[in-house]
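Participant: Sharing a structure, written as structure tokens. Questions coming.
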């Protein structure tokens, strides 16, 4: 009695299919890892389109809708006289064994009397609470720096805030439109790679490599 022939998938075809699928798998993995960085860069680019003292309430609304920022009125209903928007993203979609404590990125902007008067960026390590731990970078942009009677007005203020437990707790920057192009580049050169690299970054010195050296 003749036995039926069992057809076999040629090994060369399997090899070709594997070779074709491998680049797609690698591409999918890269896209998954890079998604938080791409999102953070996009948020910051959109924030940069708003100009202090020039962009209007309508401009702010348009950007807010584009990036999904939530409005709220700190002193009452959100309107042209007083409104703030913010949006927060992080890399929590990545497995914890890969990302470590994780990183989060926040952008916010305020309108007073129909114009944008403040922009804020926060970039920090840790996502379990509303505050970053153990280290973060804070960038606050206003037309004028906070008043200090004993200090001459300058276009930029930057420095480290430390605690007894953690030396590189926060690098804080106050920036005005009078800051030079080099100063602006220096204090906005965020290392977005921290959002996808294995185990993330350890402190604000890596989040903003161009920050002033701690004293």
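Every read-out reported here was derived from the displayed coordinates using simple, explicitly stated rules and does not represent laboratory data. None of these values were measured; they are calculated from a predicted model. Neighbour counts run over all protein chains shown; Cβ positions are idealised from the backbone, glycine included.
Participant: Hey, could you get me the Stokes-Einstein D for the stretch 140-215, Kirkwood radius over alpha-carbon pairs, 20 °C and 1.002 mPa s, rounded to whole µm² s⁻¹?
Facilitator: Working: Rh = 13.8 Å.
Value of D from the Cα-based Kirkwood radius: 155 µm²/s.
Participant: Using the count of nearby Cβ atoms within 10 Å as a rough guide to exposure, how do 56, 121 rank from fewest to most?
Facilitator: Neighbour counts put them in this order, fewest first: 56, 121.
Participant: Please report, to two decimal places, log10 I(q)/I(0) for the stretch 35-144 at q = 0.10, 0.14, 0.15, 0.24 Å⁻¹ as given by the Debye formula with identical point scatterers on the Cα atoms and no solvent.
Facilitator: -0.31, -0.57, -0.65, -1.29
Participant: In which sequence would 154, 106 go, from the one with the fewest C-beta neighbours within 10 Å to the one with the most? Walk me through the intermediate numbers first.
Facilitator: Values: 154 11, 106 20.
Ranking 154, 106 by Cβ neighbours within 10 Å, fewest first, gives 154, 106.
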